[in-house]
Each structure stands twice: as structure tokens, then as C-alpha cells.
Ligand code: NAD
């Protein structure tokens, strides 16, 4: 038997990640499958870059604006590649690229405030802010570009260099983004690394990293926190969600049905803060199910590259398997599919947009995160029960309340245990807002000035009064 050649031996072809188009189920490209040992060099380069980059806030602001311009100039290539590897409709990819540029521009204009402490002493005590040090950004496959920018834009504004690791399912658009930005940023300020595990685990544990900012699932988030505990690097974790939409008895179903449907099915339901459960008053439950099912049956599902498509495929084969499994379990436990409920025939990872009714409340599709085009609609008899059920999972990312009387809806929204609540909307975020989950949905705060300070540490100088000196 021939001796297997060492993967590091000269002449060995570097390992590659195969990238699959979810609309066809076929491989269409590759990316480097980098070895964790390569991180030493990458992080050493980030540390060298950091010293120059942190020194000049005005130059950084100019660079961030140039980054935004460069992203906009490359929007056609970025959006097409994103749709190809992730599956989302092209219009959603363009929106993601635009949001990436907007985030860079937003943070270009944000700088930390120096503060004099007002503590009654004659001593002058001044708080200034310093960048924490090289940042590791680890992101999932549902919004590869937008979530990457949510991490690197505030890190750059704070004066940090970033090592960015996308999901092995979606490495390509991120690599392209990395090369677009490399033309504008000083060398080593942003490095994109791609590969299978344990690349992410080793990045999170690397002693040269001072902040690990992670977006992904709860179990991986816990693993990242454990890995970063070895170096006591700061961690920011944006994790899963199981957002509830609570409909009130004065809701105008016709008026809100489109908005509610898209709050659950945008990006094929693969949104951390999508509506993942609907609670409707028993009196109007059938009407709500019917309004949503009618939309689920008639929406155009297809390749994201087809201009008419509104819902693309599930983004990858393992996720399709998870979505099919939780749906099957709910149906086996007595749920009924008012629309969909099954995989679509043919190539690609397509799952019929699904509305479930008669769902046992202890089904995984209610208690966990389906992260796909499946929505359970549950009836309630009294509002306290609905609020208790909405708050009754381990998650706490977002939530929404839908009704005609806005004051009453807001009073109910105040009772939701989550980081962001909406009234008659869901999942619309401002770049200026703090974004944080409670319970298993996260640790730390991203977004707005809070995101900037998440990448900074305070530095305090105490200076005596002139007479004493
Ligand atoms: P995931 O947790 O499997 O992977 C996320 C990233 O972590 C990927 O880059 C992956 O390669 C990497 N990774 C895997 N194992 C690792 C380890 N041991 N150490 C370090 N990194 C590791 O998540 P996913 O399946 O890619 O994405 C879906 C999840 O992301 C859902 O749970 C969704 O709710 C969540 N999400 C949350 C938010 C938010 O802002 N709260 C936003 C988008 C997605």
C-alpha cells in the first residue's frame, strides 16, 4: 500500500473547501482550507498592522469611507457571488452589500469621547479610550457580508486590526470583500481566513487575539467562550433567537399579513431575529393561518438568480436536513401543514414555505430555532398566557406585538424578555441602536456607539492641580 503523503510535504496540493450552489446542489467553486497553524503568521501581521492603524483616527475615518465606496463599486460581483453560494434572491444580496457599505460609513463618523470625571476632587481625572488589540471575527452563513461588517467596521473605527473567518459554507463573497478592502486598507488590517474546524476554535483561543466577536449558534457560542477563556480575551456573542410575534385581538390581519409573512420568511427564514413563532388570539387564529398560508402557497420559490424569485433555497444541505427534521417531528406529533410541510422535488435545497397549525407547544419547532422557511401559528385564550409563552424559551433576541392600539401594543412589548421589540414590524434594525440578546441569545452589545466601545478599553490619567505639582 502506498504511504499517504503528508499534507504539508512539498508538492502537496493545498487543501480546498468545496463551495456548493444551494439552488442546484452542485459544487461550483473552491476556497482555501487553511490549516490552524497558519494563524500564527496571520495574527503576527495583524499585530504589526495594528500599531500604525491605531495611531491616526483621522486617517482611519478616511479609510473607512474609502472602504464603503469600494464595496459599492464592487456591488454587482459581490451580490452575484453571495447569491450563488448562499442562495438568497439577488435583490436581498444587493441589500446586504448596501448595508455593508452603510455600516462602514456609519462607523467612519463615530469616535470615542474623552471624558473628565466629575468627582469633586481637585485632581483632574480624564478617561480616554484605547483599542483592545487584534480582533477575531467569526460569522455564520446567513448574512456573510453584513455580519462581517457589523464586526469589522466598529473594530476598525476603534483602531483594531481584524482577522475574519466566514463559515466554510460561504467563503467566497467574503474573500472577494477582503480583496476589495485590501486595495484600500493598510496591509494586515483585515485578513480573511477560510477553512474547516478547528480553524475557528484555534482563532478564538489564539493568544494574539484580544477580542473575539462571534455570531452563530448557541452551542458554538459556548465553545467560543470556553476557548477565549484560555487567554481571557473579551468575548461578544450574538447567538440564536426564537422570536415570537404576539398578535393582539384588535389586529387588522389583512393590513399586517404581508409584513408578518416577510418577517418570518425573508432570507428563507434564516435570520437570527426572524419571527419564528406566532401567537394569535383563538378567535382570529384561523384567519391568521389562512392569510399566511395563502402567501406561503403563492410566493415564487426558485434560484436566487432568477429575477422573479422571492424565496431561495435553504442555504446548505445540513440546514435543509435540520429544517426537514423539525417539520417532520411536528407533523408526527399532530401538527397540520396549512401550507408546505415538505421538501420540493428536483435539484437544489428547496423546502416549501410552510405554515404549521395545531402544533403541540412542546414541539422543537416551537421551543427551538427552526432557522428555515417554517412558521408555527399558535392560538391563545388570554394575553398573559401568550406573553408567558413568548418569554418561555431559552432565547431572548427579539420579539414583536401587533395591534391597532399602539399604546396597548407598546405596553405588551415592554413585557417581552428580549433585546429588541417592535410594534407592527419585526427585525428592522437601526445602525445606531444597541443590539444585544438576553438569556442564551448573547453576551455583550453590538451596534451604534456601544459596538464601538465594545472594541475599546478605558485608559485613565489622574493629574494633580498645578499648585500641588
Ligand atoms: P455555527 O455556530 O455553526 O457557526 C458559526 C461560525 O462559527 C462559522 O463560521 C463556523 O465555521 C464557526 N465555528 C464552528 N465551530 C466553531 C468552534 N468550535 N469555534 C469557533 N468557531 C466555530 O452557526 P451557523 O450554522 O453558521 O449559523 C446559524 C446560527 O447563527 C443560528 O443559530 C442563528 O440564529 C445564528 N445567528 C445569530 C445572529 C445574531 O446576531 N444573534 C445573526 C445571524 C445568525
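Coordinate-derived values only; no laboratory data. Please read these numbers as outputs of a predicted model, since none were measured by experiment. Using ideal geometry, Cβ is built from the backbone for each residue, glycine included, and neighbour counts are taken over all protein chains shown.
Specify the inter-centroid distance of segment 384-432 and segment 286-329, based on alpha-carbon positions, in whole Å.
24 Å
When a/c is below 1.5 the answer is rounded, else prolate if a/b is larger than b/c, else oblate, so apply that to segment 356-447 with a ≥ b ≥ c taken from the square roots of the Cα gyration tensor eigenvalues.
Numbers: a/c = 1.76, a/b = 1.21, b/c = 1.46.
Verdict is oblate for segment 356-447.
Where does helix 218-229 land angle-wise versus the long Cα axis of the chain, in degrees 0 to 90, nearest 10?
That helix lies at roughly 20 degrees to the long axis.
What is the angle, in °, between the Cα long axis of helix 39-53 and the longest principal axis of the Cα atoms in the chain? Nearest 10 is fine, range 0 to 90.
70 degrees
Where both partners of a DSSP beta bridge lie in segment 243-423, what percent of those bridges are antiparallel, to the nearest 5?
On the way: 4 of 24 bridges.
Approximately 15 percent, going by the DSSP bridge assignments.
What percent antiparallel are the DSSP beta bridges of the chain, to the nearest 5? Please report the intermediate quantities before stating the final value.
Working: 23 of 59 bridges.
If I count the DSSP bridges inside the chain, around 40 percent turn out antiparallel.
Could you give the radius of gyration (one decimal) and Dmax (whole number) of the Cα atoms in the chain, in Å?
Rg then Dmax for the chain, in Å: 23.7, 86.
Restricting to Cα pairs below 8 Å that are 6+ residues apart, what does the relative contact order work out to for segment 243-423? Please round to a whole percent.
It comes to 28 percent, rounded to a whole number.
Order by neighbour count: 273, 123, fewest other Cβ atoms within 10 Å first, most last. Working shown, then result.
Values: 273 27, 123 12.
Lowest count first: 123, 273.
Counting alpha carbon pairs within less than 8 Å and at least 6 residues apart, what relative contact order, in whole percent, applies to the chain? Intermediate results must be reported in sequence, preceding the final value.
Working: 1069 pairs, mean separation 85.5, N = 469.
Relative contact order here is 18 percent.
Counting pairs of alpha carbon atoms under 8 Å apart in space and at least six apart in sequence, what relative contact order in percent does segment 148-267 give? All intermediate terms of the calculation are to be shown ahead of the outcome.
Working: 100 pairs, mean separation 21.6, N = 120.
After rounding, I find 18 percent.
Which value results for Rg/Rh of segment 243-423 when Rg is the Cα radius of gyration and Rh the Kirkwood radius based on the inverse mean 1/r?
Working: Rg = 15.5 Å, Rh = 16.2 Å.
Rg divided by Rh gives 0.95.
Helix-only estimate, please: 222 nm mean residue ellipticity of the chain, summing -39500 (n - 2.57) across DSSP H runs of length 4 or more and dividing by its residues, to the nearest 500.
-11500 deg cm²/dmol
How far is helix 90-108 tilted, in degrees, relative to the longest principal axis of the Cα atoms in the chain, given as a value from 0 to 90 rounded to the nearest 10?
30 degrees
Quick one: 175, 328, fewest Cβ neighbours within 10 Å first, how do they rank? Numbers along the way, then the final one.
Numbers: 175 18, 328 14.
Placing the least packed residue first, the sequence is 328, 175.
As a footprinting exposure proxy, order 94, 106 by other Cβ within 10 Å, with the fewest listed first. It would help to have the intermediate numbers written out before the result.
Numbers: 94 17, 106 21.
Listed from fewest to most nearby Cβ atoms, that is 94, 106.
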